[in-house]
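Below: one structure, written as structure tokens.
Derivation of every value follows stated rules applied to the coordinates shown; laboratory data play no part. All values derive from a computational prediction rather than experimental measurement. Ideal geometry is used to build each Cβ from the backbone, glycine not excepted, and the neighbour counts take in all protein chains shown.
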Amino acid sequence: MNKLFLLLLAGSQMQVAGNILQAQDANTTGRDDVIGKLLTVGGKAIGAYGNGDLKTVDGSLKVIADSIYEYLGQPKTQPAA
């Protein structure tokens, strides 16, 4: 198996797990939703990394960081360069 295939497989499985967590209940504010969002966006970042799309990777990492800070009640990060 090659590296790209494994990265895309891992990323897609993370996205599926993230979607399942986000769909568990009607609200969008619990830990399940935050972790679901992190998995979904992280899975997309892994796929983008495998394809060499570093701009999407950086954007995804910013979304992940902002989601964590928002959940913790902290200020969001600065825009990605």
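For the chain, the relative contact order is 27 percent, taking Cα pairs closer than 8 Å that sit 6 or more residues apart in sequence and dividing their mean separation by the residue count. Would any residue of segment 30-68 have its amide N under 11 Å from a label point 7 Å out along Cα→Cβ of Gln74? List them or say none. Answer for this model: 65-68.
Relative to the Cα centre, the charge distribution of the chain, modelled as +1 at Lys and Arg Cβ and -1 at Asp and Glu Cβ, gives a dipole magnitude of about 220 debye.
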